[in-house]
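This report refers to the structure that appears directly beneath it.
The values are calculated or read from the model by the stated rules, or taken from the named source; none is laboratory data. The structure presented is a predicted model; accordingly, all values stated were derived computationally and were not measured. Backbone-built Cβ (ideal geometry, glycine too); neighbour counts: all protein chains shown. Keep in mind that these areas ignore ligands, DNA and RNA; they rest on the heavy atoms of the full protein, side chains included. Shrake-Rupley method; radii C 1.70, N 1.55, O 1.52, S 1.80 Å.
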Amino acid sequence: MADPLTLFTSIGLSEQKAKETLKNDALCSALKDAIAQAQRVLGVAGVDKATGTLLYTMASRLRDPKRLGFLTDHIAQRKICTELQLAAALEFVKSHPQDPINQQEFESLCGVGVVITPEQIEDKVEKVIKKHKDQLLQERYRFNMGLLMGEARGGLMWADGKMIKNEVDMQVLHLLGPKTEADLEKKPKVTFHTKAKAPDGEVKVKEELTMNGELKIEGRTLMDELRGVALNFHKPGENYKTEGYVVTPKTMDLLKQHLEFTGGQIRTRFPPEPNGILHIGHAKAINFNFGYAKANDGICYLRYDDTNPEKEEEKYFTAIKDMVEWLGYKPYEITHASDNFQRLYDLAVDLIRRGHAYVCHQRGEELKGHNPPPSPWRERPAEESLVLFDRMRRGLFAEGEATLRMKIVMEDGKMDPVAYRIKYTAHHRTGDACSTPSFVGSLEPLIILICLCVSFRRSSYFWLCNALDVYCPVQWEYGRLNLTYTVVSKRKIIKLVEEGTVRDWDDPRLFTLTALRRRGFPSEAINNFCAKVGVTVAQATMEPHMLESCVRDVLNDHAPRAMAVLEPLKVTITNLPEGIRNDVRVPDFPANEFMGSHVVPFTRTIFIEQSDFREVMEKGYKRLTPDQPVGLRHAGYVISVQKVIKDAQGRVVELEVHCCSSHEAAEKPKAFIHWVSEPQKCEIRLYERLFLHKNPEDPSEVPGGFLSDINPNSLQVIDSALVDISVSKAKVFDKFQFERVGYFALDPDSTADKLVFNRTVTLKEDPGKM
């Protein structure tokens, strides 16, 4: 046989493609075998380009090597002649992993022997054109030609796509004639803003629209994404169709039993470790696991991975459940890894008996690094390992003196991972000193596992399930979600708490879910943010302002308005008598007054923001000055300065003003400002980014470490702010828009005597702030 490069170019591959193929040992070997077999079938030394192209496609896409000869025979015998037929053939063998293959069924589903004539194509296209003739004549070349292609192909499944396209192009040209200048102009893009009405009476949006807390992106919601638009998960019972899934003699029986047990229902699980508080990255995991199940009428388990008793606390169990429910999901059942400790131990014993695991005495420090020395106990007899493993369980070894290791080489090259180690720490649920492998997913009746992007563990997981002949769910990976200007590592957050940089896990400057809730972030906004990020395998690092944008979208529609003054300046209305108290009705949502309102008092004394008055007029300043009146929001009054009162240091401490109805004012004021009267004193906490640099954990950006990068201005406390009485009965986490100031939420530190509000986000995006 010729050298591989010459062999591959002889079947029609370009030299570059042939060289790339040579770099892939598995593909190179499969393609050589396919070419050799095709030559034997054809009885010639060469293979033509059409056949060679199909052989290459088959060899590069086939996942089950034992079907190579079967498909090669069909290609060489011209039974499979097109890419469409080959795609169908590959799908068929993928769906039928066990022998024997039903030849008649295979040929029927792959179009073997089916011949589509040019006359059939012409006739089908003509019928499709006739169906859409009126719309074609109206829209001409702006019509979606893909629709014509799709309908024509629908009735001619095995027809050559190029022949269909050529026929469509020819018949359209015959109907419409050559393109005119008008046809070549770009089609105008029609968009409707959120409050505008489209011609059909439905509300359209330019980019996105939040409805009932569910984000719509380009016409799809997060639920749409998770119903399968973006995810190509296997169907229940068809695990074997997944790339890399290993089929054993018992696989099909196990899948059948599992399918009978679940009834084909989608089942997922969210498996957090209860040794810390969930953060924004977990929100993505919650949405994908619970959301995918919900979108497909399935169920999702909340399964605590409680295998590290040293770091687990009851408060973490509670907080995790609270956050899952806060995001809008209810677990079908709450389970624990520890529920399966005995079952896992029994399986470990079985693994030893089968010769797939052994007890090892290498110390932890010897196993560190990428290439630790091989274990001298790897070939230890199973009977001996069983005795030693029992001694491990009965506490007859010291910590670190013995481990149970599995005989497998991981995808990243590491050899024989540890399945069990000794830890003399009482477990809060079982009381036993015990640790488990990452294996519980197989013991729960799951259909799929959706987990963080650790794909190098997928085949190891498959290996373990198959080594024990237990049901093997498919593991699907997604990319980690990170945010800039923060840290989410449990260890680093604990350090921030210990150093006094933040108060606790729920400090609103952090991006834990409890912190975001305390800050006032709506759960809908977090879910919408996850939808924006999308279902991706690649790791995503997002800017905080993208999350804040989602927060504003939700709060703008759901946070009632109120008025608050952060830096009060007293204003006395001289022409309003003492004791006069008028009620002013303020709409909760000015853009839609039907959504309710509240009443605030208007008296002789009001308070405005210090920044809303300037003693000296400046160009472009539109608010209150001695020479410029200003309107009061919602009150219908205009005030004009009569006297400026200062303290001994020359600071303005009070204004005396004259008030008149806006209808009586000589001219319309240039601005309307917010105000409060008979207000309630409150504390306001303003937050900015906790860290100064975008990547505080990056040594090249922050050589001194993340603790040296703390923003000294990340928290500003205003303890003498004033807020109108409409918020006096607010509950913890209630959210408001303080007009012209920002969005705020009531903090748990609030008391009956003093309310405390956290600024959630500013009204508009400020790149320099959180």
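Structure values in brief
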| quantity | calculated |
| --- | --- |
| Selection within segment 292-339 - open to solvent by less than 30 Å² (accessible area, probe 1.4 Å), in a helix (DSSP H, G or I) and polar (S, T, N, Q) | 338 |
| Residues satisfying the stated conditions in segment 642-688, i.e. of a type in the set (Ser, Thr, Tyr) and in contact with a Pro (Cβ under 7 Å, 6 or more places away or on another chain) | 677, 687 |
| Members of segment 561-572 found to be among the hydrophobic types (A, V, I, L, M, F, W, C) and either over 19 Å from residue 725 (Cβ atoms) or at pLDDT below 95 (or both), listed by number | 569 |
| Residue 359 on the phi < 0 side of the Ramachandran plot, open to solvent by less than 50 Å² (accessible area, probe 1.4 Å), at pLDDT 95 or above and not in a loop (DSSP other than H, G, I, E, B) | yes |
| Residue 68 vs. criteria open to solvent by 40 Å² or more (accessible area, probe 1.4 Å) and either on the phi < 0 side of the Ramachandran plot or touching a strand residue (DSSP E or B) at 6+ places or on another chain (Cβ under 6 Å) (or both) | no |
| Lone unmet requirement of (1) loosely packed, with under 15 Cβ neighbours inside 10 Å; (2) under 16 Å from residue 59 (Cα atoms) for residue 40 | (2) |
| Residue in segment 586-602 that is in the same structural domain as residue 650 (by the TED database), more than 43 Å from the chain's Cα centre (by Cα), surrounded by fewer than 18 Cβ atoms within 10 Å (Cβ to Cβ) and of a type in the set (Val, Ile, Thr) present | no |
| Residue satisfying all of: in segment 129-161; without any contact (Cβ under 8 Å) to a residue 40 or more places away in the chain and open to solvent by less than 40 Å² (accessible area, probe 1.4 Å); farthest from residue 184 (Cα to Cα) among these | 152 |
| Subset of segment 612-660 that is among the small types (Gly, Ala, Ser) and on the phi > 0 side of the Ramachandran plot - its residue that is most open to solvent (accessible area, probe 1.4 Å) | 620 |
| Qualifying residues in segment 675-698 (those that are in a loop (DSSP other than H, G, I, E, B) and in contact with a Leu (Cβ under 6 Å, 6 or more places away or on another chain)) - the one most open to solvent (accessible area, probe 1.4 Å) | 679 |
| Residue within segment 417-425 that is of a type in the set (A, V, I, L, M, F, W, C), surrounded by 15 or more Cβ atoms within 10 Å (Cβ to Cβ), modelled with pLDDT of 95 or more and not in a helix (DSSP H, G or I) present | no |
| Residue list for segment 386-416, restricted to those being in a strand (DSSP E or B) and at pLDDT 85 or above | 403, 404, 405, 406, 415 |
| Breaking point among (1) within 18 Å of residue 607 (Cα to Cα); (2) among the aliphatic types (A, V, I, L, M); (3) outside any strand (DSSP E or B), for residue 653 | (3) |
| Residue within segment 432-450 that is over 27 Å from the mean Cα position of the chain (by Cα), among the polar types (S, T, N, Q) and modelled with pLDDT of 85 or more present | no |
| Selection within segment 675-720 - closer than 23 Å to residue 761 by Cα and free of Cβ contacts under 8 Å to residues at least 60 places away in the same chain | 692, 709, 711, 712, 713, 716, 717, 719 |
| Conditions (1) without any contact (Cβ under 8 Å) to a residue 12 or more places away in the chain; (2) open to solvent by less than 40 Å² (accessible area, probe 1.4 Å): number failed by residue 167 | (1) |
| So residue 590, is it outside any strand (DSSP E or B) and in contact (Cβ under 8 Å) with a residue 24 or more places away in the chain | yes |
| Close pairs (6 angstrom Cβ cut-off, 6 or more residues apart or separate chains): within 13 Å of residue 468 (Cα to Cα) and in the same structural domain as residue 400 (by the TED database) in segment 341-367, part of a helix (DSSP H, G or I) and not hydrophobic (A, V, I, L, M, F, W, C) anywhere | 352/385 |
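For every residue, the table says whether it meets (1) charged (D, E, K, R); (2) open to solvent by 60 Å² or more (accessible area, probe 1.4 Å).
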{"site": "95", "(1), (2)": "no, no"}
{"site": "99", "(1), (2)": "yes, yes"}
{"site": "107", "(1), (2)": "yes, no"}
{"site": "115", "(1), (2)": "no, yes"}
{"site": "121", "(1), (2)": "no, no"}
{"site": "124", "(1), (2)": "yes, yes"}
